[in-house]
1. Run through the stretch 319-427 and list the trypsin sites (Lys or Arg not before Pro) located in a DSSP loop whose Cβ has at most 11 other Cβ atoms within 10 Å.
2. Counting other Cβ atoms within 10 Å of each Cβ, which GluC sites (Glu not before Pro) in the stretch 13-108 have at most 13 and sit in a DSSP loop?
3. For the stretch 407-447 and the stretch 314-392, write down the distance between their C-alpha centroids in whole Å.
4. Length gain on complete extension for the stretch Leu25 to Lys286, per 0.36 nm per residue less the alpha carbon to alpha carbon distance?
5. Just the projected area, averaged over all directions, of the convex hull on the alpha carbon atoms of the stretch 212-278: how many nm²?
6. With springs connecting C-alpha atoms under 10 Å apart, model the chain as a Gaussian network and identify which of Gly139, Gly85, Gly159 has the largest mean-square fluctuation.
7. Explain nothing, just the number: relative contact order of the chain, from Cα pairs under 8 Å at least 6 residues apart, as a whole percent.
8. Taking only the Cα atoms of the stretch 87-179, how large is their convex hull per residue, in Å³?
Amino acid sequence: MEDSRQRAAELFRWLVAPVAPGEFLGQHWERAPLLVQRGDPSYYAGLFSTADFDATLRSGEVHFGTHLDVTSYADGVRETHNPSGRALPAVVWDFYQNGCSLRLLSPQTFSPTVWQFLSILQEHFGSMAGANTYLTPPGTQGFAPHYDDIEAFVLQLEGKKHWRVYRPRTDAEVLPQFSSANLTQAELGEPMLETVLEAGDLLYFPRGFIHQGDCLPDAHSLHITVSSYQRNSWGDLLEKLLPAALQMALEEDVEYRQGLPMDYLGYMGVANSEAVDARRTAFMEKVQSLIKKLVNYAPIDAAVDQRAKSFLHDCLPPVLTQSEKAQSVYGFPARWQDGGPHDVDILITKDTEVRLLRHGIVRLCNEEAGVMLYYTTENSRVYHKEEPKFLEIDPEYTDSIEFLLSSYPNHVRVDSLPCETLEDKISLATLLFEKGILITKKPLVQV
């Protein structure tokens with residue numbers, strides 16, 4: 001599929017099938033849980049398995065606490081049993097044999113299939129897509145009831161698990177900004193949904209919905225929870241936008257810089273809140289007027305660009321197909337051979353046809369220091385292991401970046417880029433190619 005946006009939409013369609021994406025967004029997203037019982041144990045085949053879990057442990061790169069949590073929940077008590085150091089198979093499987101649950105954090109760090117799955121899905125959400133995997137022994141429970149600050153998609157990979165989901169208890173717990181502490185059974189009330197997930201099934205619940213899962217006596221459970229939309233609300237946007245709007249208003253509008261009335265402390269404040277006073281009325285009206293006028297100074301697009309910049313920093317790097325690799329810098333055949341380097345020069349010409357690797361991998365931001373192009377191709381699979389990746393772009397190149405975005409997924413000739421000179425066109429295309437942002441229609445060097 002040529003268009004990464006279309007590929008992301010198709011993956012999401014597969015995730016919630018047979019429910020249509022429109023129906024899901026209209027009836028369930030941020031509103032209500034969704035249970036999909038497919039009766040197809042192989043639906044998620046190849047995504048992640050206990051064999052993959054074991055191979056990950058055998059890689060020797062898993063550390064307790066950083067990558068793996070060992071947990072238990074019994075008699076209302078939730079405990080973490082992490083030793084220090086590497087999570088070696090003999091130690092980990094002994095914990096499991098003794099009734100402990102295993103939570104592998106961010107399996108995309110280790111699993112190429114989970115990496116690819118999330119890297120595609122994040123473009124559909126426009127928000128970071130993360131994951132944890134949970135392996136639970138038969139007849140046990142690893143976690144206390146709680147609610148999360150993410151939209152959760154539970155994909156049952158192996159075995160089965162008994163789930164109970166509860167409505168938010170108060171309005172303040174509807175779509176919360178932060179996850180809850182561990183809750184007791186006495187705090188829960190009756191579940192709104194109780195079910196047993198089997199391999200191939202899906203359970204979705206919005207942030208704020210309390211949940212707990214436990215294993216039945218006759219089977220282990222392996223599931224992966226895919227998450228998104230952490231701190232991605234209107235309120236989170238306004239947290240960035242309102243201070244910027246106020247700063248701009250202070251700089252541009254003298255009304256915001258005029259002094260408060262000399263006697264306002266005498267009639268304002270909680271102690272005076274019940275007083276009937278014309279001065280209070282005038283003060284309140286003035287504050288409301290200034291707040292209302294603040295909208296005129298709100299740099300909405302700039303605030304959105306800053307959120308986009310943060311999202312690109314959160315993103316997983318794209319996973320390239322074999323053909324994409326051959327058409328990108330990652331497949332460029334520069335090498336040492338016969339005593340010296342060969343095929344080193346990247347020879348992009350006016351006739352070379354190029355396009356963005358993915359639509360969602362770049363973002364132009366106008367900042368005080370200049371025009372910055374943020375990109376994801378050099379991100380790590382480990383969350384925020386790298387600093388944000390960006391190029392400072394000559395303002396004259398912004399039209400060309402926008403042209404590449406609007407042309408996607410079609411290839412365009414380098415000489416069609418709206419730069420002033422052919423040298424500029426080739427220079428920009430070469431720079432973007434070297435960063436993995438552009439790919440060519442045909443490999444630059446035939447090997």
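1. Lys385
2. Here the GluC sites (Glu not before Pro) that fit, given the DSSP loop and packing criteria, are Glu30, Glu61.
3. Between the Cα centres of the stretch 407-447 and the stretch 314-392 lies a distance of 12 Å.
4. 89.9 nm is the gain from fully extending Leu25 to Lys286.
5. The orientation-averaged projected area of the Cα hull of the stretch 212-278 comes to 10.8 nm².
6. The residue with the greatest mean-square fluctuation here is Gly85.
7. Numbers: 799 pairs, mean separation 67.2, N = 447.
It comes to 15 percent, rounded to a whole number.
8. Numbers: hull volume 12.4 nm³, N = 93.
Hull volume over Cα atoms, normalised by residue count, gives 133 Å³.
Bear in mind these aren't lab numbers, they're just calculated from the coordinates by the rules spelled out. No experiment lies behind these values; they were computed from the predicted model shown. Note that we place each Cβ from the backbone using ideal geometry, even for glycine, and neighbour counts take in every protein chain shown.
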